[in-house]
Structure formats: structure tokens, C-alpha cells
Amino acid sequence: MTEAKSIAAWRQRMLLRLVEARRSGDQAQEDKIIGLLIEAHVALGERRTGTSEEQRTYLLARSTGTPLPELAEVGIDTNGWPAPPGSSPARAEPLPVSPDTEERISHLFAAAGPLGDRHPLPPRYEARYRPEDGQRYRNYALPWAIWDTRENLPVAYHGDQDLAEYQAGQASEKAEARRGKPT
């Protein structure tokens, strides 16, 4: 594929003519030049003219909403120009929704409640009193379990509530730190 001819020199000449037309108050000439600039930049966005670098620069400027500097200097904002094809999907008109579907969706949102009611996840590990598990060490009962709340399984047992709560808290802090979240 051959490289297309640069439009930089042509654009510069057009911008100089635009400034002259504005100085002289020639609105018809000004509109004509702006029309030519729009046409050239649409072709640039469609990759029909300009160098590949100019095309990339223009498409990047359009996608980020940044006017081209050389056009912005003379007061032209390219964001109001037609978008290059394929740069954004066409907006489809929404289809009408049946009242039954609307009611079901509304019910789901109502059941979920407002977003502000969301509670943070519980700690990963917590101490639970579980004598029914029957855990013993050297005939000594271990009724306190350190419980993994995500897996819903016990991971260790202790005979002392304070020690079980302390170790569950430490394990939760370390698990959160490993995930990169503050404790």
C-alpha cells in the first residue's frame, strides 16, 4: 500500500485563507473554507487521504475529544464535525417494552434496594462457637472454630474464645492485605 500525500501544507494554506476571510469579513469564503476542511478531515478519518501519521493523529484526537491544535488556534473545534465511520456504534432507538416486562424489571430493582444499602463483605475469617463439631486435643475440648466465611468451612479449632477471635482477626487482616485492600 502506498503512502498517501500529506495534507499538512494544504491545511496550512486553507487556515491562512480562513484567517484572511475572517479579517475581511467574507462570511461566504469562510464557510466555504470550513466546508473544505471538514471534507478533508472526514476523508482523513476514513483513511482516504493524508499520511498514516496524520490519520492516526486525527483519529486519536477525535476519539479523545481533543481538537487538533492547528485548527483550535483559529477557533475551529473538530468535535462538532461528523465522526469517522466505525469510530462509535450508531445509537439505536430503544424498542418499546411490554408493561409486564417493565413491571418485572422494576420489581427486581425494588428487591435489590438502593446501592447505598450495600454492606461491605464480612471478614474472611471469624471465630464461631461450634461444640457440635466434637473437636478435641488430648481429651481437651476445642469448641471455638476459626471459620472461613468464603468457603463456609472451619480451618482450625481452639479451646479459648479470645485466642480464636484474635487469630481469626489476624488471618482476615493478612488475607485482605494479600488482596491489596486496606484493612
Segments classed as strands (runs of 3 or more DSSP E), wholly inside the range 124-183, with at least 1 members that are charged (D, E, K, R) and at pLDDT 90 or above = 125-129, 144-148
Residues that are surrounded by 11 or more Cβ atoms within 10 Å (Cβ to Cβ), in contact (Cβ under 8 Å) with a residue 12 or more places away in the chain and out of contact with any strand residue (DSSP E or B) (no Cβ under 9 Å at 6 or more places or on another chain): which helices (runs of 4 or more DSSP H) entirely in the range 1-72 hold 3 or more of them?
-> 8-24, 27-45, 52-64
Filtered residues of the range 135-183 (kept if surrounded by 13 or more Cβ atoms within 10 Å (Cβ to Cβ), hydroxyl-bearing (S, T, Y) and under 41 Å from the mean Cα position of the chain (by Cα)) | T149, Y166, S172
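The values are calculated or read from the model by the stated rules, or taken from the named source; none is laboratory data. Keep in mind it's a predicted model, so treat the numbers as computed, not measured. A quick note on method: Cβ atoms are made from the backbone with ideal geometry, for glycine too, and the neighbour counts reach across all protein chains shown.
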